[in-house]
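The values are calculated or read from the model by the stated rules, or taken from the named source; none is laboratory data. Since we're looking at a predicted model, the values are computed, not measured. Reconstructed Cβ throughout: ideal geometry from the backbone, glycine too, with neighbour counts over all protein chains shown. Heavy atoms of the whole protein, side chains included, go into the accessibility calculation; ligands, DNA and RNA do not. Shrake-Rupley method; radii C 1.70, N 1.55, O 1.52, S 1.80 Å.
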Amino acid sequence: MAAVLEIRNLHVSVDGNPILKGVDLTVGQGETHALMGPNGSGKSTLAYTLMGHPSYEVTDGQITFDGIDLLELEADERSRLGLFLAFQYPVAISGVTLANCLRHAVNSRRKANNPDDRGMPIPEFRRMLKEKMDFLQMNHDFAGRYLNEGFSGGEKKRAEILQMAALEPKIAVLDETDSGLDIDALRIVSEGVNKLSGPTLGVLVITHYQRILNYIKPSHVHIMLNGQIVEEGGPDLALHLEEHGYDWLRERESGVVAA
Amino acid sequence: MSDGTKQLEGLKDSYAEKYGFNVPENYTFRARKGLDRDIVQEISWMKGEPDWMREFRLKSLESFLKKPMPTWGADLSGIDFDDIYYFVRATDKGVANWDEVPAEIKETFDKLGIPEAERHFLAGSGAQFESESVYHKIREDLTRQGVIFLSMDDGLKEHPDLVKQYFGTVISYADNKFSALNSAVWSGGSFIYVPPGVHVELPLQAYFRINTQNMGQFERTLIIVDEGAFVHYLEGCTAPIYSSDSLHSAVVEIIIRPGARCRYSTIQNWSNNVYNLVTKRAIAYRDATMEWVDGNIGSKLTMKYPAVYLKEPGAHGEVLSIAFAGKGQIQDAGGKIIHGAPHTTSKITSKSISMHGGQASYRGLIKVRKGAHHSKSNVVCDALLLDDLSRSDTYPVIEIDEQDVTIGHEASVSKVGEDQLFYLMSRGLSAEQANALVINGFIEPLVRELPMEYALELNRLIQIQMEGSIG
């Protein structure tokens, strides 16, 4: 059965300030969704909340993954269930290589499934990682570098996609993966995502701009404004936004509030 | 490194099980508690020392008694000098064959894996139990090349002229209160001489063990590396966990002749009832290199600042210091470099980790004497705080009496950020794994300088310290 991420009436506060005010969204395995919205609309808050960042307080609503209540789980448990977040700002971890981090991540999954698991043998892990790097056309040196330390903007985002490839999630949330990328880097990263897409992966692309959607084609588009999803549609909606901006939605929403 | 980290996972032993055990106190001689001229003379007499050494001890005792307790650093008022055994002899003779070591002592070192380490990766090893060395051995081919590796007591017996020429010349007995104390009651430690041009490829190791309660251990080490020679000396130490305090106060003197190199690596893992107050200094002559790799994991309170005196042009000194301060621990560590000649270079790298209310301080000195032009020095101190209870302080002193020099100093304090932990946890690592990985990464630049076995040991010790740190 295909995994489903279901968000129902989600309310989230940060430092006591309400940011998300009742979000409903469903992403299934094999689907590609885009969540668009202007800066400050709450898109990244949704991404962090889905993954379980401790600074984001859920004040109401539900998130389930395959029917399992995610709000009861820590970030590592959510990850091991098959949820993945590609960070907008990947964090540098000095002295820890990308390969070392990934090996811990892979082994933590195996161990969660089987407490007696001794971890993936190193030759097998190396082979797997090389395969994934080749698949994403990445230089093998990448694996030996300290995680995100001194990485360019493009390298950071590619490293996120490599981690996604290695961990084989069921649902991946890509938070502003296009930000800070030049057009070539954007194309390469998008191609990576497209290569991984398929019936076993559901993707939620969070973006401010339409341009990444020239490469990653969403089946569903959702627009967030002031912590709520205010418009939903197909790929056409993204194009409409590109042409008209967010103002028509702002006006419509403020009109609704005023009425 | 990552292989090591992997082995560490799931490791669930603790200091108490692994190192905190003791064997019955079974000594052949123990001086009464407390310190006076009689005790000092008794120690010297028991050892059958020459007159000059007895006089040196007595002179040192006077200096010790006159000097006030240092108050510029951590609080030492808890040390009761009258409540310490200054000399405990566990066996009547040191041997060069593990089978001849008395059973209870051997059991201790077997548990600590010392004989096994010797077989696997050492050129020689020594083991000190209480006040004296119980075992010392060096590979025969090195002996044939003229390398000397003895306990300090045997060094004095067998090479009295060499010892008399150098003993106390790098660190005066009057240098500080604890160097005076050590000079008065020293016992055990290592004496090493490496002849010109000889490279001792594998490390020589000494392991120090305190077993008795309220014990004072005062080993004394003298290393002479002759022209163009090389040696790597490793030391490790542990003690049982007792409710009363013990004192460890060593003096280490190193002389590195022109073109020679010495590396001295320490993994200090005393139990949390040991005051560890150590004076270590090296003199480096023309084009010689001294490297201190100093890992402080254990003890209740450590004050230790390995020093290098760069005496002639081209000399190079390095200190790599790592300190881990857990609950109830104070690690006051760092390094000192004196540039006493032109074209000398130095580097101090300090990394400290504090958690559970532990305090780690970097205390360092870079001094460039008049005339030491074209000297270069760089100091980098990084501190990692794991929680809000813990603290980290930096006391860097830089004194420069020369114009044409290059000195750099960088210091940073970081917390293991919520963001780092969240990032790693979002990849499926537990909070504990994520914390350990960040710490391993933090010390990685230092750990890779250690032999593999020591690197693994260091990681394992930190893992033990980290246990139960989350949740």
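Can you say whether A:V96 is of a type outside the set (F, W, Y), buried (at least 20 other Cβ atoms within 10 Å of the Cβ) and not assigned by TED's automatic domain parsing to the domain that holds A:N226, as far as the supplied structure shows? Considered against the rule, which asks whether it is of a type outside the set (F, W, Y), buried (at least 20 other Cβ atoms within 10 Å of the Cβ) and not assigned by TED's automatic domain parsing to the domain that holds A:N226, A:V96 comes out as yes. The listed residues are B:V200, B:V185, B:V163, B:V170, and the only one of them that is under 30 Å from B:W72 (Cα atoms), at pLDDT 95 or above and surrounded by fewer than 24 Cβ atoms within 10 Å (Cβ to Cβ) turns out to be B:V170. Evaluating A:E31 against the criteria (1) within 14 Å of chain B (Cβ to nearest Cβ); (2) touching a His at 6+ places or on another chain (Cβ under 9 Å); (3) open to solvent by 30 Å² or more (accessible area, probe 1.4 Å) leaves one unmet condition, (1).
Scanning segment B:28-53 for residues that are touching a Ser or Thr at 6+ places or on another chain (Cβ under 9 Å), open to solvent by 60 Å² or more (accessible area, probe 1.4 Å) and within 13 Å of B:S187 (Cβ to Cβ) gives a single hit, B:R30. Can you tell me which residue within segment B:395-419, out of those that are within 11 Å of chain A (Cβ to nearest Cβ) and open to solvent by less than 40 Å² (accessible area, probe 1.4 Å), is nearest to B:R363 (Cα to Cα)? Selected residue: B:V416. Selection of segment B:399-448 for residues being within 30 Å of A:A172 (Cα to Cα), among the polar types (S, T, N, Q) and in contact with an Asp or Glu (Cβ under 8 Å, 6 or more places away or on another chain) yields B:S426, B:S430, B:Q433. Just one of the listed residues (A:L85, A:L70) is at pLDDT 95 or above, under 22 Å from A:D175 (Cα atoms) and more than 9 Å from chain B (Cβ to nearest Cβ), namely A:L70. Does B:K137 satisfy being modelled with pLDDT of 90 or more and more than 30 Å from B:R37 (Cα to Cα)? For B:K137, the condition - modelled with pLDDT of 90 or more and more than 30 Å from B:R37 (Cα to Cα) - is met. Taken residue by residue, segment B:93-107 has no member that is within 19 Å of B:Q268 (Cα to Cα) and among the β-branched types (V, I, T). Taking segment B:363-382 as the range and being among the polar types (S, T, N, Q) and crowded, with 18+ Cβ neighbours inside 10 Å as the test, the residues that pass are B:S375, B:S377.
Tally the residues that are out of contact with any Leu (no Cβ under 8 Å at 6 or more places or on another chain) and either on the phi < 0 side of the Ramachandran plot or assigned to a helix (DSSP H, G or I) (or both), restricting the search to segment B:184-196. Of the residues in that region, 5 qualify. Of the residues A:R145, A:R78, the single one that is open to solvent by less than 20 Å² (accessible area, probe 1.4 Å), charged (D, E, K, R) and in contact with a helix residue (DSSP H, G or I) (Cβ under 9 Å, 6 or more places away or on another chain) is A:R78. A residue that is at pLDDT 95 or above, in a strand (DSSP E or B) and over 25 Å from B:P258 (Cβ atoms) can be found somewhere in segment B:303-314. Which ones in segment B:100-122 are within 21 Å of B:L204 (Cβ to Cβ) and either open to solvent by 60 Å² or more (accessible area, probe 1.4 Å) or in contact with a helix residue (DSSP H, G or I) (Cβ under 6 Å, 6 or more places away or on another chain) (or both)? Answer for segment B:100-122, where residues must be within 21 Å of B:L204 (Cβ to Cβ) and either open to solvent by 60 Å² or more (accessible area, probe 1.4 Å) or in contact with a helix residue (DSSP H, G or I) (Cβ under 6 Å, 6 or more places away or on another chain) (or both): B:E100, B:D110, B:P115, B:E116, B:R119, B:H120, B:F121. Among the residues in segment B:203-222, are any of a type in the set (D, E), in contact (Cβ under 8 Å) with a residue 60 or more places away in the chain and open to solvent by 10 Å² or more (accessible area, probe 1.4 Å)? The answer is no; no qualifying residue exists.
Candidates B:I338, B:I322: the one that is of a type in the set (V, I, T) and open to solvent by 10 Å² or more (accessible area, probe 1.4 Å) is B:I338. Those helices (runs of 4 or more DSSP H) of segment A:173-259 in which 1 or more residues are among the basic types (K, R) and in the same structural domain as A:T49 (by TED's automatic domain parsing) occupy A:183-196, A:247-258. In the set (1) farther than 26 Å from A:N100 by Cβ; (2) facing chain A (nearest Cβ under 9 Å), the condition left unmet by B:M425 is number (1).
Could you look through segment B:284-300, keep only residues that are crowded, with 24+ Cβ neighbours inside 10 Å and at pLDDT 95 or above, and pick out the one that is farthest from the chain's Cα centre (by Cα)? Top of the filtered list is B:A288.
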